[in-house]
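The next block holds one structure in the form of structure tokens; read it before the comments.
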Amino acid sequence: QVRLVESGGGWVQPGGSLRLSCATSALSFRDYGAGWFRQAPGKEREFVAAIGWSGDTQLYADSVKGRFTISRDNARRTLYLQLNSLKPEDTAVYYCALAWRATGNRPSVYTYWGQGTQVTVSS
């Protein structure tokens, strides 16, 4: 069983930045595509960003393009999401997920999920 643990969430004012991390126990992490999703209260889980297992493919939701950056460190088996120019509508629980040799923007692509980390953007 692969475990994922997110960290780095918190409260930030509009325009601020955060860096989320997702530490995994996947021994073959380099063979997994990875993604970030988020879920706000009363809303469905939505795609944020994804990165291919080789790192050369990146996908972003239109709402975060140009503000968020996904990256990975295969040696550390860790996924990252840099959040810049944060807006109140970015407030949500952020989840990381892994998919074996796959990448995409649908939750059904992913097999393993973390428990989430809360991001709150408000003044």
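The values are calculated or read from the model by the stated rules, or taken from the named source; none is laboratory data. Computed from a predicted structure; not experimentally measured. Ideal geometry is used to build each Cβ from the backbone, glycine not excepted, and the neighbour counts take in all protein chains shown. Please note that ligands, DNA and RNA were not included when accessible areas were found on the heavy atoms of the full protein model with its side chains. Shrake-Rupley method; radii C 1.70, N 1.55, O 1.52, S 1.80 Å.
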Checking Val93 against (1) surrounded by fewer than 13 Cβ atoms within 10 Å (Cβ to Cβ); (2) modelled with pLDDT of 95 or more; (3) in contact with a Ser or Thr (Cβ under 9 Å, 6 or more places away or on another chain), the condition it does not meet
(1)
Conditions (1) touching a Lys or Arg at 6+ places or on another chain (Cβ under 9 Å); (2) assigned to a loop (DSSP other than H, G, I, E, B); (3) open to solvent by 30 Å² or more (accessible area, probe 1.4 Å); (4) more than 20 Å from Leu27 (Cβ to Cβ); number of the one not met by Leu86
(3)
Out of everything in the stretch 76-123 that is basic (Lys, Arg) and free of Cβ contacts under 8 Å to residues at least 60 places away in the same chain, what residue ends up being nearest to Ala61 (Cα to Cα)?
Arg106
Verdict on Gly33 being under 20 Å from Thr111 (Cα atoms) and in a strand (DSSP E or B):
yes
Taking the stretch 1-47 and keeping only residues that are out of contact with any Ser or Thr (no Cβ under 9 Å at 6 or more places or on another chain) and open to solvent by 20 Å² or more (accessible area, probe 1.4 Å), one is left with Leu18, Arg19, Ser25, Leu27, Ser28, Asp31, Gln39, Gly42, Lys43, Glu44, Arg45, Phe47
State all residues of the stretch 64-75 that are open to solvent by 30 Å² or more (accessible area, probe 1.4 Å) and in contact (Cβ under 8 Å) with a residue 24 or more places away in the chain; if no residue qualifies, say none.
Arg72, Asn74
Would the stretch 73-83 turn up any residue that is hydroxyl-bearing (Ser, Thr, Tyr) and either in a helix (DSSP H, G or I) or in contact with a Ser or Thr (Cβ under 7 Å, 6 or more places away or on another chain) (or both)?
yes
